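In what follows, a single structure is set out as structure tokens and then discussed.
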Amino acid sequence: MPKADTPDIRVAVSAADLETVHAIRREVFIVEQNVPEDEEWDDLDPTSLHLLAFGADGGPLGTGRLIHGEQALKLTGRDGTVLLGRLAVRAAARGTGLGAALVRAIEEQGRSRGAVELELHAQTHALGFYQRLGYVAEGPEYLDGGIPHRTMTRSLAG
């Protein structure tokens, strides 16, 4: 698949933006990957920062969220660590570089909030994708939403 031009990635701020975030996540996680709906929606959404990526035609193609502040500290137990979660790219945009651009945009949002490390919980089939972006797998494999995952981290320093 051809590489995406520089994607338009922005923070989701309006109710319509958040509906778009949920539509992409429903399509990718609930429909494609059969994640149970009650596991996809959680109490972290209202306090997370959500990003949306748009294609050249203005259509929404991907999303991801950043868990920061007290919520991130509670979940990781490490001050200065933020969490990337719910990274979802529509099938038509996979392999174009859009996912990597979303990860980098989420990292930048973390840095702007003073984070020195980013943690994520990767589906095991996506380990190579995240490793190419500098993430290192830690700990054992575990199930989340019925899908094998591993925790990965990357320093945001420098």
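Counting just the residues of the stretch 129-145 that are outside any strand (DSSP E or B) and touching a Leu at 6+ places or on another chain (Cβ under 8 Å), which one comes out nearest to Trp41 (Cα to Cα)? Per the stated criteria, the residue is Tyr130.
Quick check on this structure: which one of Ala100, Ala16, Ala88 is outside any strand (DSSP E or B), among the aliphatic types (A, V, I, L, M) and in contact (Cβ under 8 Å) with a residue 24 or more places away in the chain? Steps first, please.
Numbers: Ala16 fails: in contact (Cβ under 8 Å) with a residue 24 or more places away in the chain; Ala88 fails: outside any strand (DSSP E or B).
Going through Ala100, Ala16, Ala88 in turn, the sole match is Ala100.
Kindly indicate whether Val82 is in contact with a His (Cβ under 6 Å, 6 or more places away or on another chain) and either within 24 Å of Asp45 (Cα to Cα) or not in a strand (DSSP E or B) (or both). It is true that Val82 is in contact with a His (Cβ under 6 Å, 6 or more places away or on another chain) and either within 24 Å of Asp45 (Cα to Cα) or not in a strand (DSSP E or B) (or both).
Yes/no per residue for (1) small (Gly, Ala, Ser); (2) under 19 Å from Ala115 (Cα atoms); (3) at pLDDT 95 or above:
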site	(1), (2), (3)
Pro7	no, no, no
Asp42	no, no, no
Pro60	no, no, yes
Gly95	yes, no, no
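Among the residues of the stretch 28-43, the ones that are surrounded by fewer than 14 Cβ atoms within 10 Å (Cβ to Cβ) and in a helix (DSSP H, G or I) come to 5 in all.
Do we have any residue at all in the stretch 91-114 that's under 26 Å from Arg26 (Cα atoms) and among the hydroxyl-bearing types (Ser, Thr, Tyr)? Within the stretch 91-114, one or more residues are under 26 Å from Arg26 (Cα atoms) and among the hydroxyl-bearing types (Ser, Thr, Tyr).
Any residue that is on the phi > 0 side of the Ramachandran plot and either loosely packed, with under 14 Cβ neighbours inside 10 Å or of a type in the set (Phe, Trp, Tyr) (or both) - is there at least one of those in the stretch 103-115?
Among the residues of the stretch 103-115, at least one is on the phi > 0 side of the Ramachandran plot and either loosely packed, with under 14 Cβ neighbours inside 10 Å or of a type in the set (Phe, Trp, Tyr) (or both), which makes the answer yes.
Among what's in the stretch 23-40 and is closer than 19 Å to Gln123 by Cβ and of a type in the set (A, V, I, L, M, F, W, C), pick the residue that is modelled with the lowest pLDDT. Out of the qualifying residues, it is Val35.
The values are calculated or read from the model by the stated rules, or taken from the named source; none is laboratory data. As the structure is a prediction and not an experimental result, all values here were calculated from the model. Every residue, glycine among them, receives a Cβ derived from its backbone with ideal geometry; neighbour counts consider all protein chains shown.
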